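Each remark here refers to the structure printed beneath this line.
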Amino acid sequence: MAAAHDREVDDHAKGRIISDAPLSLPVPVHLRYDPASSPATVRFGFPGPVEWSFPRALLETGLRAPTRRGDIGVWPCGRVQTVVELHTEDGVTVVQFDTTALLRFLRHTYAAGASMTTH
């Protein structure tokens with residue numbers, strides 16, 4: 001992760017792609033935030049050139065209650081998991097995360113945003 005004084009946040013999380021198959025597939029996800037270019041937006045980067053941008057508030061709200069905005073849905077799954085659902089023309093991808101990883105990322109984004117106002 002980038003230090004808060006560097007302003008940008010680049011965290012990593014392990015997600016699991018959920019499907020009809022008996023086993024879920026692990027997937028590394030880059031969690032990014034750049035308050036200088038888009039202070040209200042977070043980005044989730046998947047292997048290859050796939051990156052999704054959406055409001056940070058959507059992620060934060062979705063940790064507590066189901067929420068949706070456009071092609072992205074976020075909701076809690078039990079007490080320790082969070083689901084992010086991504087819709088495209090080709091179908092739907094459902095990724096499950098440990099909530100603690102997403103909470104840590106959100107804390108880093110708020111720290112980075114705070115450092116911008118103090119510099």
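For the chain, what is the mean residue ellipticity at 222 nm derived from helices alone (per DSSP H run of n ≥ 4: -39500 (n - 2.57); sum divided by total residues; nearest 500 deg cm²/dmol)?
-7500 deg cm²/dmol
Explain nothing, just compute: Karplus ³J(HN,Hα) = 6.51 cos²θ - 1.76 cosθ + 1.60, θ = phi - 60°, for every residue of region 44-57 in order, whole Hz, x for Gly and Pro.
Per-residue couplings from phi come out as 10, x, 9, x, x, x, 8, 9, 10, 10, 7, x, 4, 5 Hz.
Residue farthest toward the positive end of the dipole of the chain, with Cβ of Lys/Arg at +1 and Asp/Glu at -1: which of 36, 103, 25?
Of the options given, the answer is 103.
Determine one quarter of the surface area of the Cα convex hull of the chain, which equals its mean projected area, and express it in nm² to one decimal.
Over all viewing directions, the chain projects a mean Cα-hull area of 7.6 nm².
Assign unit charges at the C-beta atoms only (+1 for Lys and Arg, -1 for Asp and Glu), then state the dipole size of the chain relative to its Cα centre in Debye, rounded to the nearest 20.
The dipole of the chain has a size of about 440 debye.
Bear in mind these aren't lab numbers, they're just calculated from the coordinates by the rules spelled out. Worth saying up front: this structure is predicted, and the values here are computed from it rather than measured. Don't worry about glycine lacking a Cβ; one is built from the backbone with ideal geometry, like all the others, and counts go over all protein chains shown.
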